């Protein structure tokens, strides 16, 4: 399965350097140079480099949206997948909500335990002071 974070090898098959911006960061590939990018940047580079190469020949301007012409350039630019992304698959909304609920309940249980642990140690039943009066003895005896 294709993931936007797969690592893709890209080559600039043209005789001129090429650069694109992604999120205000320039990615430059010199003529003939190969570089590795995450898939989403590699596809961005491929699209714009393909546009440039098709548009440099005035007779090919009508082929800008031709699928076969674009595929030909894509095959020249995208060398292949160097490494598939091995990270966790994205959570569904239901999984995310379930995990957040689990975290909230764990935090709640930890607070309750901390409060119980902070209470003074109390004995059950009657206190020690009453036990001598319960036996019927007094301090005077």
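The values are calculated or read from the model by the stated rules, or taken from the named source; none is laboratory data. Computed from a predicted structure; not experimentally measured. Positions of Cβ are backbone-derived with ideal geometry, glycine not excepted, and every protein chain shown enters the neighbour counts.
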When (1) loosely packed, with under 10 Cβ neighbours inside 10 Å; (2) at pLDDT below 85 are applied to residue 68, the one that fails is (2)
Across segment 5-15, what is the total count of residues that are farther than 15 Å from residue 47 by Cα and in a loop (DSSP other than H, G, I, E, B)?
3
In segment 1-42, what residues are buried (at least 16 other Cβ atoms within 10 Å of the Cβ) and free of Cβ contacts under 8 Å to residues at least 24 places away in the same chain?
27, 29, 41
